Amino acid sequence: MSEYKVATRYAKSLIDLAVEQNHLEEIKADMVLFVETLRLSGTLSAVLRNPIVSPAKKTIILTDLFTGKVQAATLGFFKIMIAKM
């Protein structure tokens, strides 16, 4: 299965969870923050795309950067996406 299909399935699940928990706007804001952070930090973007950097290290980086700034479901989504890619 392609990375795009995997990402799409998990994104749909995240949206469903956000609706169920009544956190859709918060999770949308989390994603905007994530995209903006990637846009502003070429280094972060490069690290996340680099296959040499372990998934564990990528998870630590995102957890350190976004804990307390995004919803728990968003952090969970990041962790799942890193593990699946």
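So which residues in the range 1-25 are acidic (Asp, Glu) and either under 15 Å from Lys84 (Cα atoms) or surrounded by 15 or more Cβ atoms within 10 Å (Cβ to Cβ) (or both)?
Scanning the range 1-25 gives a single hit, Glu3.
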Would you confirm, using the coordinates I've provided, whether Val32 is modelled with pLDDT of 95 or more, out of contact with any strand residue (DSSP E or B) (no Cβ under 7 Å at 6 or more places or on another chain) and either buried (at least 16 other Cβ atoms within 10 Å of the Cβ) or not aliphatic (A, V, I, L, M) (or both)? no
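Among the residues of the range 66-80, is any in contact with a Lys or Arg (Cβ under 8 Å, 6 or more places away or on another chain) and part of a helix (DSSP H, G or I)?
The answer is no; no qualifying residue exists.
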Those residues of the range 38-61 which are surrounded by 13 or more Cβ atoms within 10 Å (Cβ to Cβ) and outside any helix (DSSP H, G or I), in sequence order: Ser41, Val53
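The values are calculated or read from the model by the stated rules, or taken from the named source; none is laboratory data. Not measured: the values here are computed from a predicted model. Glycine also receives a Cβ, built like all others from the backbone with ideal geometry; neighbour counts cover every protein chain displayed.
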